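The values are calculated or read from the model by the stated rules, or taken from the named source; none is laboratory data. What you are looking at is a predicted structure, and each value in this text was computed from that prediction instead of being measured. Using ideal geometry, Cβ is built from the backbone for each residue, glycine included, and neighbour counts are taken over all protein chains shown. SASA here: full protein model, heavy atoms, side chains in, ligands and nucleic acids out. Shrake-Rupley method; radii C 1.70, N 1.55, O 1.52, S 1.80 Å.
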2 protein chains.
Amino acid sequence: MNERLTKLTNWLKQEQIDAAFITLPDNIFYLSGFQSNPHERLLGLAVFPEQEPFLICPSMEVNDAKNSGWKYEVIGYSDTERPWDFVEERVKARIKNIQKWAVEKEHLNVERYEELLSRFPGAIYKSAEAILNELRMIKDQEEIALLRKACELADFAVQVGVHEIKEGKTELDIIAAIEYEVKKKGVSGMSFDTMVLTGANAASPHGTPGNTKIQKGDFVLFDLGVIYEGYCSDITRTVAYGDINDEQEKIYRTVLEAEETAVNATRPGVLAKDLDSIARNIIHQAGYGDYFPHRLGHGLGISVHEYPSMTATNELELKPGMVFTIEPGIYVPGVAGVRIEDDVLVTDGGVEVLTKFPKSLKL
Amino acid sequence: MNERLTKLTNWLKQEQIDAAFITLPDNIFYLSGFQSNPHERLLGLAVFPEQEPFLICPSMEVNDAKNSGWKYEVIGYSDTERPWDFVEERVKARIKNIQKWAVEKEHLNVERYEELLSRFPGAIYKSAEAILNELRMIKDQEEIALLRKACELADFAVQVGVHEIKEGKTELDIIAAIEYEVKKKGVSGMSFDTMVLTGANAASPHGTPGNTKIQKGDFVLFDLGVIYEGYCSDITRTVAYGDINDEQEKIYRTVLEAEETAVNATRPGVLAKDLDSIARNIIHQAGYGDYFPHRLGHGLGISVHEYPSMTATNELELKPGMVFTIEPGIYVPGVAGVRIEDDVLVTDGGVEVLTKFPKSLKL
């Protein structure tokens with residue numbers, strides 16, 4: 001059994017939980033090595049304190065599951081079979097009377113929960129996220145190597161984008177060029193829809209790219225990431241095209257100072273909320289407190305947004321092996337939108353910044 | 001109130017349900033016009049039989065929600081506030097004692113369900129999918145126009161890919177070229193990760209594209225779609241590169257016959273399962289029954305996989321306005337993988353095929 005599964009079974013024993021039923025594809029990939037998007041079909045991994053685990057998946061994916069290195073039972077079902085009948089039968093063959101389940105309460109839907117409630121009456125349900133978030137939060141050496149590579153490719157993607165900036169090009173033109181070059185490098189997918197925003201579009205923290213053309217005197221904001229062997233990167237850079245005015249420059253300098261100060265404060269023992277406050281105070285003191293409407297960042301790994309959330313209220317203490325984003329921003333409608341984001345790894349001695357593209361204001 | 005919301009409120013009245021709480025982004029887009037991916041944050045739409053509906057979203061998206069045309073209350077919350085407190089307060093201000101909720105049982109997670117259970121004790125929960133699937137299944141004229149355009153762009157994308165086929169090019173090379181040209185046309189995103197598969201890779205119905213090079217004598221399979229103004233297309237074409245052997249050709253002809261026969265049988269009054277059987281029987285009679293391991297197709301619209309599922313057991317009767325995929329395939333390891341997929345609209349008189357790229361065997 002791999003180390004990750006062993007840690008999960010140890011937790012089940014310690015908590016006296018009879019079985020975990022895992023359905024989030026990212027958690028299944030983490031625990032089993034099998035990566036799959038089942039859409040609305042059931043993909044499940046059942047893990048027990050002592051008995052052998054099993055995977056259940058659409059029959060057409062059984063070979064892929066086996067080829068991914070999964071050594072235990074794999075149950076396939078066709079579109080006309082009832083997968084929950086198989087789950088019930090295989091679970092009861094291992095443990096007659098389940099009294100305590102662990103399920104992903106942030107993922108399992110009510111329909112599937114009701115299947116469990118009716119097939120295993122009287123059981124109680126604990127959150128599996130408690131252990132899965134904790135395990136996934138601390139990256140091992142193999143994961144760190146993949147994240148380094150994903151970040152290197154994100155740096156490359158921003159570089160491509162910056163080189164494409166030219167008066168009259170649209171946001172979508174530049175996205176097309178970035179993704180073309182990145183995919184030519186062998187990347188199978190982006191972490192999320194690539195964002196290139198300029199002018200008024202950049203002044204919304206969640207703008208949608210379109211046919212807006214780049215003009216001199218505007219910022220161009222890149223927010224993108226790549227998936228490399230299952231691991232995500234996430235970088236934001238904002239660059240000025242042509243001459244910008246004093247207020248735009250002040251906004252840029254403030255975000256940069258907030259970002260770099262938070263990055264440099266990152267080390268074991270610091271609390272997540274302290275990092276958020278460090279950045280937020282700088283922005284507040286510059287008079288833009290009302291224009292930084294989101295948290296400082298989020299965990300990063302197999303999912304592009306994962307535990308922990310780097311908010312002003314999170315008391316979590318940083319530990320070596322954690323990887324998360326630091327991404328303060330200021331968005332003043334009609335003036336400018338600037339965000340700068342790095343992916344950082346907490347090390348024994350402090351911090352390693354995984355994204356390395358320069359943070360220069362001008363092209 | 002728009003027609004879609006009116007239909008939902010009418011259903012609530014008819015079923016004597018006090019309130020619906022909708023959290024699936026695609027359903028919120030359908031009902032409100034506001035399109036957003038909130039990731040792990042709460043995005044919710046509360047709808048009542050008589051009272052005014054409200055939206056709740058992260059505060060940084062409030063302006064986007066208003067700009068999307070939503071005319072009713074929008075509640076924003078920051079990352080340090082508790083959005084469920086707002087939900088509870090606003091719902092209770094409208095209806096003191098909720099006795100019956102409608103929620104998306106296929107989407108709402110256990111954690112959020114437990115929030116509702118504890119804040120509105122004693123209520124019972126009905127599936128909101130019952131009505132939402134039925135509403136979304138029948139497309140209106142505006143939706144059909146968008147789907148036609150999304151399919152036209154999918155045809156274009158396949159054309160780009162077919163023109164790129166050349167000995168030595170990799171699957172990822174061709175994907176990069178397709179997405180580049182499509183995004184240059186103003187498309188903001190693909191419906192799902194574009195698949196170009198060749199050789200042994202194509203013999204898995206869910207293969208992953210990589211650095212496999214195209215060789216003469218192989219099939220090249222394209223499965224892709226684009227999102228156009230929120231609506232998805234989904235097309236598959238398989239083409240032979242160079243000379244293929246007799247068994248490969250037989251497989252191709254069988255899939256094509258199965259696909260075209262099912263398309264031509266599509267009209268109001270036919271059952272979903274009948275279409276599946278028509279295609280499956282042709283494949284079975286050709287001796288490949290064991291190599292068609294998936295359903296015939298799936299509904300298509302705002303989601304790339306939506307209700308209904310076109311399976312061998314679905315008794316649903318086809319009605320004008322339904323849009324779904326027809327996509328039989330045969331996957332024989334070591335020999336060939338062929339799938340052909342069209343998006344079809346059920347019309348009063350029969351069927352309109354929305355994807356039009358030719359289904360020729362050879363380049």
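Computed quantities for the displayed model
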| quantity | calculated |
| --- | --- |
| Relative intensity, log₁₀ I(q)/I(0), of the range B:140-202 from a Debye sum that treats every alpha carbon as a point, q = 0.19 Å⁻¹ | -0.74 |
| Whole-percent carbon and sulfur share, accessible surface of chain B, 1.4 Å | 45 |
| Scattering curve values for the range B:90-236, log₁₀ I(q)/I(0), Debye with Cα scatterers, q = 0.21, 0.22 Å⁻¹ | -1.16, -1.22 |
| Residues A:Asn63 and B:Glu114, FRET efficiency given R0 of 41 Å [Cβ-Cβ distance, rounded to 0.05] | 0.60 |
| Other copies of A:Pro358: label-to-label distances in nm, shortest first, labels 7 Å along the beta-carbon direction | 5.2 |
| Rounded to 10°, Cα long-axis angle of helix A:83-94 versus longest principal axis of chain A | 60 |
| Selected from B:Ile56, B:Ile227, B:Ile124 as most flexible by GNM, with chain B as the system and alpha-carbon contacts under 10 Å | B:Ile124 |
| Alpha-carbon Debye profile of the range A:303-363, log10 I(q)/I(0) at 0.15, 0.29 Å⁻¹ | -0.61, -1.31 |
| Label-point separation, A:Ser277 to A:Val332 (7 Å along Cα→Cβ), nm | 2.7 |
| Accessible surface, per residue, of the range A:3-136 when the full set of protein chains is kept, probe 1.4 Å, Å² | 43 |
| Normalised alpha carbon radius of gyration of chain A [divisor 2.2 N^0.38 Å] | 1.11 |
| With 5 Å bins from 0: P(r) over the range B:228-363, alpha-carbon pairs, percent | 2, 11, 21, 23, 19, 13, 7, 3, 1 |
| For the A-to-B rotation axis, chain A residue with nearest beta carbon and its distance in angstrom | A:Tyr180, 2 |
| Pseudo-label separations to other copies for A:Gly289 - Cα-to-Cβ vector, 7 Å, nm | 7.3 |
| Value of Rg to Rh for the range A:3-136 (Rh from inverse mean 1/r over Cα pairs, i.e. Kirkwood) | 0.92 |
| Considering only chain A, percent of DSSP beta bridges that pair antiparallel, nearest 5 | 75 |
| Chain A: most fluctuating residue of A:Ile98, A:Ile214, A:Ile302 per GNM, C-alpha cutoff 10 Å | A:Ile98 |
| Cα long-axis angle, helix A:110-119 against chain A (0 to 90 degrees, to the nearest 10) | 10 |
| Beta bridge orientation in the range A:3-136: antiparallel %, DSSP, nearest 5 | 35 |
| Percent antiparallel among DSSP beta bridges (both partners in the protein assembly as shown, rounded to 5) | 75 |
| Pairwise burial B:A, computed as accessible area of each alone minus the pair, summed, 1.4 Å, Å² | 4000 |
| Order of exposure, largest accessible area first, which applies to A:Glu179, B:Glu89 with probe 1.4 Å | B:Glu89, A:Glu179 |
| Gain on full stretching of the segment that runs from B:Gln14 to B:Ser360 - 0.36 nm per residue minus C-alpha separation | 119.5 nm |
